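Notes follow once the structure below has been shown.
The values are calculated or read from the model by the stated rules, or taken from the named source; none is laboratory data. This structure is a prediction, so every number in the text was calculated from the model and none was measured. Here the Cβ positions follow ideal geometry from the backbone for every residue, glycine too, while neighbour counts run over all protein chains shown.
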Amino acid sequence: MVSSLGKGLTAASIGYLLECRGIKIAMLKLDPYLNVDPGTMNPFQHGEVYVTDDGAETDLDLGHYYRYTHSPLTRASNATSGQIYDTVIKKERKGEYLGKTVQVIPHVTDEIKARIEACSVQEPDTEVVLVEIGGTIGDIESLPFLEAIRQFRHARPADCMNIHLTYVPYLKAAGEVKTKPTQHSVQALREIGIIPDMIICRCEQSLNEELKEKISLFCNVRKEAVIDEKDVEHSIYEVPGMLHRQGLDLMICEMLHLEKGTSDLSRWEKMVHSVLHPKGKVVIGIVGKYMDHQDAYKSVFEALHHGAAAAGVELEIRKFESDRIVENGSVEQAIGGCEGYLVPGGFGSRGWEGKILTAHYCRTKNIPYFGLCLGMQVMLVEFARYALGLKEAHSTEVDPNTPDPVVSMLAEQKQLQNLGGTMRLGAYPCELKPGSLAEQAYGKKLIWERHRHRYEFNNAYKKAFEEKGMLFSGKLERGELCEISEVAGHPWMLGVQFHPEFKSKPLEPHPLFCDFIRTILLHRTKVQSSVNQACSKS
Ligand code: GLN
């Protein structure tokens, strides 16, 4: 009905609940925009770009799917209008529609349906495909998708159901909850031939029986199929339990004629319980360029939350715009007061110097620092400038003429003309150095992590860095690319050229995020006990 209602989170929660009943699912996000993928969009436009193992740059909702479910997540899990039209037009040029006029219906809608089928055969024994359609009802661009869904159901009436997520606002001035917008959006759906079987209502407070009855009557769904999804107070991981308690998964099984199985949410509920009952708190500062945008660093926020929950503490994130650090003049004043800092990925020159100041502050004050992708490149440039004395060192992404290009373009990137989908993308194997922080955190020697970058550490400087105490603790398996670096002798200053945040789940928190937070807590205890000792001596 409107954007930002939490369709992705709701779809992921439904996926999780079905999995709890032993049902094998696959998830698919259909995005009505014309970009082939979100990779070329600004985070202000689109939020985070989520990268899959097979190197697809996808919608951030796939991150929710990853965190909540075990759905396969690949190139086949996200389709945009851009991709669909691209396929149809290529087929037309090849002559596959010879003699016909190529039209939205049936050619574009057929291609959409083919994507749903393709998603379902990625893994054997998949029972349910959950298809989430981006955008809102009434958008011109989402019409072909809704039409494809209508046709899909027309062909398999017993195997499909439609769930509509709506907003049921509480109007303060009137002191009333309003169901009219829901009635209107259901009407709009009916006009295009889609009849929802279930309505999930996003609302501030649970809906009372009377309101549910009203929605049921006006929207033509069973009363039990009017589910409320009220704003959660503390954690988005409360959503599955909330939906389950209203019988949502059971009802889906009935409607789709699936074996119900017995549902076991106990591991999840235990995790939620520990999130809701933390013992203490940790304060982490994130220094980035898009801090005002809620979704630009979605997976980073989530992964930090997972790490904090694993340590049994609450997480407070303080957000800092890197530009403002430079304007302020004092790093301490601009960002001081956190127990650890994280610099996430990014592109372009804006914000670099503020991030360098952050890395310098952390290194010289022994404050834990975690650099992700660009955050590692920043850490290396800072080290070159201040530990090696190469005052003008830089990444060639920002300064192509720097005399000391300690971060430079990957060789394979140099000949590329197109910018879309051409970075070093997807999962690569990385060997860890025995005894390093990284190896201890992962507890293994070979890891696979996902990448999305064009620049890398320049190995010509490796020896000079090592001599000054930089440990290159992870390198591409059977290759030389430096994937992880650590500052020796520092409590925890570690940078990774990949994006570990994409592989953290609440039930399987990522080892590096756990270790970062664990070290902060340990560091805190050490500092505290040395303060206590000093006090007792004096
Ligand atoms: N801009 C840097 C590069 O392309 C870092 C990319 C990132 O942080 N994802 O290498």
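Per-structure values
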quantity	calculated
Search result, residues across region 237-266 that are part of a helix (DSSP H, G or I), over 22 Å from Lys505 (Cα atoms) and of a type in the set (Val, Ile, Thr)	Ile252
Within region 364-377, considering residues that are more than 15 Å from the ligand (Cβ to nearest atom) and touching a Phe, Trp or Tyr at 6+ places or on another chain (Cβ under 7 Å), the one farthest from Gln528 (Cα to Cα)	Tyr369
Extreme residue, farthest from Gly288 (Cα to Cα), among residues of region 321-362 that are more than 15 Å from the ligand (Cβ to nearest atom) and in contact with a Gly (Cβ under 6 Å, 6 or more places away or on another chain)	Cys338
Hits in region 450-473 (condition: surrounded by 22 or more Cβ atoms within 10 Å (Cβ to Cβ) and within 25 Å of the chain's Cα centre (by Cα))	His451, His453, Tyr455, Glu456
Among the residues listed as Gln45, Gln83, the single one being of a type outside the set (Gly, Ala, Ser), modelled with pLDDT under 95, more than 21 Å from Met161 (Cβ to Cβ) and out of contact with any strand residue (DSSP E or B) (no Cβ under 8 Å at 6 or more places or on another chain)	Gln45
Residue within region 406-423 that is under 22 Å from Phe370 (Cα atoms) and either among the β-branched types (Val, Ile, Thr) or more than 12 Å from the ligand (Cβ to nearest atom) (or both) present	yes
Checklist (1) farther than 15 Å from Phe513 by Cα; (2) away from the ligand (no atom under 16 Å from the Cβ); (3) touching a residue at least 40 places away in the same chain (Cβ under 8 Å) applied to Val313, failing item	(1)
Top-ranked residue in region 309-336 [being outside any helix (DSSP H, G or I) and over 13 Å from Thr358 (Cβ atoms); ranked as farthest from the chain's Cα centre (by Cα)]	Gly329
Matching residues, region 19-33, being surrounded by 24 or more Cβ atoms within 10 Å (Cβ to Cβ) and not hydrophobic (A, V, I, L, M, F, W, C)	Lys29, Asp31
Residues satisfying the stated conditions in region 482-503, i.e. part of a loop (DSSP other than H, G, I, E, B), hydrophobic (A, V, I, L, M, F, W, C) and either away from the ligand (no atom under 16 Å from the Cβ) or surrounded by fewer than 19 Cβ atoms within 10 Å (Cβ to Cβ) (or both)	Ala488, Trp492
Meets criteria (within 15 Å of the ligand (Cβ to nearest atom), surrounded by fewer than 22 Cβ atoms within 10 Å (Cβ to Cβ) and over 14 Å from Tyr369 (Cβ atoms)) for Leu507	no
Any hit, region 203-210, residues being free of Cβ contacts under 8 Å to residues at least 24 places away in the same chain and not in a helix (DSSP H, G or I)	yes
Region 480-499 residues that are charged (D, E, K, R), paired with ones that are in a loop (DSSP other than H, G, I, E, B) and within 14 Å of the ligand (Cβ to nearest atom) (beta carbon under 7 Å, 6 or more apart)	Glu483/Gln497; Glu483/Phe498
Residue among Tyr369, Tyr386 that is hydroxyl-bearing (Ser, Thr, Tyr), under 26 Å from the mean Cα position of the chain (by Cα) and at pLDDT 95 or above	Tyr369
Which numbered condition Val406 misses (of (1) part of a strand (DSSP E or B); (2) closer than 24 Å to Asp54 by Cβ)	(2)
Region 378-393 - residue that is free of Cβ contacts under 8 Å to residues at least 40 places away in the same chain and more than 11 Å from Ala359 (Cα to Cα) and, of those, farthest from the ligand (Cβ to nearest atom)	Gly389
Near pairs, Cβ below 7 angstrom, 6+ apart or cross-chain, from region 71-90 (under 16 Å from Gly421 (Cβ atoms)) to any residue that is of a type in the set (S, T, N, Q) and modelled with pLDDT under 95	Thr80/Asn35; Gly82/Asn35
Region 427-443, residues that are closer than 20 Å to Leu73 by Cβ and surrounded by fewer than 19 Cβ atoms within 10 Å (Cβ to Cβ)	Ala427, Pro429
Filter result (away from the ligand (no atom under 16 Å from the Cβ), free of Cβ contacts under 8 Å to residues at least 60 places away in the same chain and touching a strand residue (DSSP E or B) at 6+ places or on another chain (Cβ under 8 Å)) within region 446-473	Leu446, Ile447, Lys462, Glu466, Leu471, Phe472, Ser473
Among (1) of a type in the set (Val, Ile, Thr); (2) within 14 Å of the ligand (Cβ to nearest atom); (3) crowded, with 18+ Cβ neighbours inside 10 Å, the one test that Thr396 misses	(3)
Checking His234 against (1) under 26 Å from the mean Cα position of the chain (by Cα); (2) more than 21 Å from Pro500 (Cβ to Cβ); (3) assigned to a helix (DSSP H, G or I), the condition it does not meet	(3)
Hey, Gly175 in contact (Cβ under 8 Å) with a residue 12 or more places away in the chain and either acidic (Asp, Glu) or at positive phi (or both) or not	no
